[in-house]
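Enquirer: Shown below is the structure under consideration.
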Amino acid sequence: MPLPITDQISLQDWELTESFTRASGPGGQNVNKVATAVELRFEAARSPSLSEAVKRRLKRLAGRRWTKDGAVVLQVSEERSQARNREIARGRLAELVRRATVAPKRRRATAVSASQKRKRVEAKKGRGVVKALRGSVEPE
């Protein structure tokens, strides 16, 4: 079933690949028998659901989870249940793509006002006077 991201974007099943492996950590004998760890792979570079701008932002947000062939790989082995790990992985992917859909605000360059510059210089002069007065006192 498709993974909904926003009202306009949903990821199709063919874009997602899940593989299951045995997880490390606690779980008793269960950990040696059941493949509960999930590796979710999303073919982001080939996805028709995402625009180029979203793909660029997703690549930056994914960091080292972005592979050379343009896929986002998420690994989850937090829970003892395969179904729960699968839910967590799909939720993390959805949140990552959702964050990539938000375009950052353009930074508007601003100049320091003249009054701020004047206040800064006056404060520096004041500190200089205080430090100059710390010298030794001459006896009368």
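The values are calculated or read from the model by the stated rules, or taken from the named source; none is laboratory data. All values derive from a computational prediction rather than experimental measurement. Cβ coordinates were reconstructed from backbone atoms using ideal geometry, including for glycine residues, and neighbour counts include every protein chain displayed.
Enquirer: Please count how many residues of region 67-77 are surrounded by 17 or more Cβ atoms within 10 Å (Cβ to Cβ) and either aromatic (Phe, Trp, Tyr) or farther than 24 Å from residue 24 by Cα (or both).
Expert: Total satisfying the criteria: 1.
Enquirer: Let me ask something else. Residues 52, 39, 79: which one is under 24 Å from residue 104 (Cα atoms) and of a type in the set (D, E, K, R)? Before you say what the answer is, go through the steps one by one.
Expert: Numbers: 39 fails: under 24 Å from residue 104 (Cα atoms); 79 fails: under 24 Å from residue 104 (Cα atoms).
One residue alone meets the criteria, 52.
Enquirer: With the structure loaded, tell me whether residue 64 is of a type in the set (Lys, Arg) and surrounded by 12 or more Cβ atoms within 10 Å (Cβ to Cβ) or whether it fails that test.
Expert: On the way: of a type in the set (Lys, Arg): yes; surrounded by 12 or more Cβ atoms within 10 Å (Cβ to Cβ): no.
Spelling it out, it is not the case that residue 64 is of a type in the set (Lys, Arg) and surrounded by 12 or more Cβ atoms within 10 Å (Cβ to Cβ).
Enquirer: I've got another one for you. Would you mind stating whether residue 32 is touching a strand residue (DSSP E or B) at 6+ places or on another chain (Cβ under 8 Å), part of a helix (DSSP H, G or I) and not hydrophobic (A, V, I, L, M, F, W, C)?
Expert: Numbers: touching a strand residue (DSSP E or B) at 6+ places or on another chain (Cβ under 8 Å): no; part of a helix (DSSP H, G or I): yes; not hydrophobic (A, V, I, L, M, F, W, C): yes.
No; evaluated as a whole, the condition is false for this residue.
Enquirer: Scan region 76-117 for residues that are part of a helix (DSSP H, G or I), of a type in the set (Ser, Thr, Tyr) and in contact (Cβ under 8 Å) with a residue 12 or more places away in the chain and jot them down.
Expert: Step one: list which residues in region 76-117 are part of a helix (DSSP H, G or I), which gives 82-101, 114-117.
After this cut, where a residue has to be of a type in the set (Ser, Thr, Tyr) as well, the list is 101, 115.
Result: 101, single match.
Enquirer: Filter region 21-38 for residues that are surrounded by 15 or more Cβ atoms within 10 Å (Cβ to Cβ), over 17 Å from residue 3 (Cα atoms) and modelled with pLDDT of 85 or more and give the result.
Expert: 37
Enquirer: Going through 90, 41, 80, 86 one at a time, which residue ends up being more than 21 Å from residue 5 (Cα to Cα), charged (D, E, K, R) and crowded, with 16+ Cβ neighbours inside 10 Å?
Expert: Values: 90 fails: more than 21 Å from residue 5 (Cα to Cα); 41 fails: more than 21 Å from residue 5 (Cα to Cα); 86 fails: more than 21 Å from residue 5 (Cα to Cα).
After applying the criteria, what remains is 80.
Enquirer: All but one of (1) out of contact with any strand residue (DSSP E or B) (no Cβ under 6 Å at 6 or more places or on another chain); (2) modelled with pLDDT of 90 or more; (3) not in a helix (DSSP H, G or I) hold for residue 57, so report the exception by its number.
Expert: (3)
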